[in-house]
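Worksheet for the structure shown next.
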Amino acid sequence: MITDSFTAGPAGTILVTGASGLIGRALVDRLRARGQTVRRLVRSATGHAGDFLWDPARGVLDPAAMAGATAVVHLAGEPVAHRWTPARKAAIRDSRVQSTALLARAIAALDGPRPVFLSGSAVGFYGDRGDELLDETSAPGRGFLPTVCQAWEEAAQPAVAAGARVAFLRTGVVLHPEGGALEKLLTPFRLGAGGPIGTGRQWLSWISLEDEVRGIEQALWTDAIRGPVNLVAPTPVTNAEFATTLGRVLARPALIPVPAFALQLLYGEMAEETILAGQRVMPRVLLAQGFAFAHPTLEQALRSMLGR
Ligand SMILES: NC(=O)c1ccc[n+]([C@@H]2O[C@H](COP(=O)([O-])OP(=O)(O)OC[C@H]3O[C@@H](n4cnc5c(N)ncnc54)[C@H](OP(=O)(O)O)[C@@H]3O)[C@@H](O)[C@H]2O)c1
């Protein structure tokens, strides 16, 4: 549902990958509600009008998908929140890098005006950075996710070189009760079994799903946005603050800590680079454009999305 008078942008044809995912579904619904023409790039035939096929692993893309497109929003990628086996790590990396390179080459090969290319990325780019305040000018961190994010952004170079406007959506932890991290946390917290994870001092750069989609729209319609754009609320919190706030909103105690070793045992490297690590990221580019967050603080965001 559209709850604000945010600009709808000029009418165009917007191609979306990963359109069946948490962010993609919300983006497609919102763009269509605004009267935009949306094409979904899908990996298996759906029979729906407006769906076009691709197979990024095999370098196959229906050329009709790109014809006349004014923008491409690339959100596809193998899910990250599972134990990282060598095969899973390869899939996380390859699904992003190969698909981005395929789209970038297709954009570069077009005659005439090139579509805007908003290519996925993540605040994982910055790695585990303690209390350091980070923005789009900060250097990448170290580890698997920073390496993946750099290769993922780098793969868009053919589109940049061809003169397209390209932006990288460095997304934080997207909050929505029906998907992603918050959905997984709701049951233990509702049972009063929630609490801080590890030391609780690691920073969590979060954004509500509504602001994620509004931020993508802002990047779509703002010519000045190119290069990295952090999609995070302006108020990152520590993991302990997150637990306390979610407990307060649900009116449940949130005092049961989750020890780091248990997560390391269950999820290994994935836990060490995600839930046990953190980065304190500011949305400098969005704020410079005067972007007004619908949910600037965590408590307000959680109350709004949980109806409490
Ligand atoms: N949600 C977050 O908190 C968050 C945070 C930071 C970054 N991001 C990034 O933002 C993007 C979208 O996030 P999301 O939460 O909407 O993701 P999601 O719910 O996991 O959906 C991703 C979509 O990517 C496609 N996909 C899955 N595996 C794939 C593979 N092996 N190869 C190619 N495509 C594949 C699927 O779409 P089809 O089946 O339709 O192709 C899927 O619906 C992802 O790249 C993610 O890494 C998300």
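The values are calculated or read from the model by the stated rules, or taken from the named source; none is laboratory data. Quick caveat, the model's predicted, so the values are computed rather than measured. No Cβ is skipped: glycine too gets one built from the backbone with ideal geometry, and neighbour counts run over all protein chains shown. We work out accessible area using only protein heavy atoms, side chains counted, and drop any ligands, DNA or RNA first. Shrake-Rupley method; radii C 1.70, N 1.55, O 1.52, S 1.80 Å.
Checked across the range 149-165, the condition of being touching a Lys or Arg at 6+ places or on another chain (Cβ under 8 Å), in a helix (DSSP H, G or I) and more than 23 Å from residue 223 (Cα to Cα) holds for at least one residue.
Yes/no per residue for (1) buried (at least 17 other Cβ atoms within 10 Å of the Cβ); (2) within 12 Å of the ligand (Cβ to nearest atom); (3) within 16 Å of residue 218 (Cα to Cα):
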position: 28; (1), (2), (3): yes, yes, yes
position: 68; (1), (2), (3): no, no, no
position: 73; (1), (2), (3): yes, yes, yes
position: 79; (1), (2), (3): no, yes, no
position: 84; (1), (2), (3): yes, no, no
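Of all residue pairs spaced 6 or more apart or on separate chains, none has beta-carbon atoms under 7 Å together with a first member in the range 175-202 that is on the phi > 0 side of the Ramachandran plot and among the hydroxyl-bearing types (Ser, Thr, Tyr) and a second member that is open to solvent by less than 30 Å² (accessible area, probe 1.4 Å) and more than 11 Å from the ligand (Cβ to nearest atom). Across the range 181-219, the qualifying residues are those that are assigned to a helix (DSSP H, G or I), open to solvent by less than 10 Å² (accessible area, probe 1.4 Å) and in contact with a strand residue (DSSP E or B) (Cβ under 8 Å, 6 or more places away or on another chain), and the one among them that is farthest from residue 31 (Cα to Cα) is 182. When the range 41-58 is limited to residues that are under 21 Å from residue 101 (Cβ atoms) and open to solvent by less than 70 Å² (accessible area, probe 1.4 Å), the one that is farthest from the ligand (Cβ to nearest atom) turns out to be 52. Could you list all residues from the range 5-19 that are assigned to a loop (DSSP other than H, G, I, E, B) and open to solvent by 10 Å² or more (accessible area, probe 1.4 Å)? Listed by number, the residues that qualify are 5, 6, 7, 8, 9, 10, 11, 12, 18. Set side by side, the residues 61, 22 differ, and just one is in contact (Cβ under 8 Å) with a residue 40 or more places away in the chain, under 27 Å from residue 291 (Cβ atoms) and surrounded by 13 or more Cβ atoms within 10 Å (Cβ to Cβ), which is 22. Go through the range 220-242 and give me each residue that's without any contact (Cβ under 8 Å) to a residue 60 or more places away in the chain and surrounded by fewer than 24 Cβ atoms within 10 Å (Cβ to Cβ). Result: 223, 238, 239, 240, 241. The condition of being within 16 Å of the ligand (Cβ to nearest atom), hydroxyl-bearing (Ser, Thr, Tyr) and open to solvent by 30 Å² or more (accessible area, probe 1.4 Å) holds for only one of 137, 147, 100, that being 147.
Residue 142 meets each of the listed conditions (1) over 25 Å from residue 209 (Cα atoms); (2) assigned to a loop (DSSP other than H, G, I, E, B); (3) within 16 Å of the ligand (Cβ to nearest atom) apart from (3).
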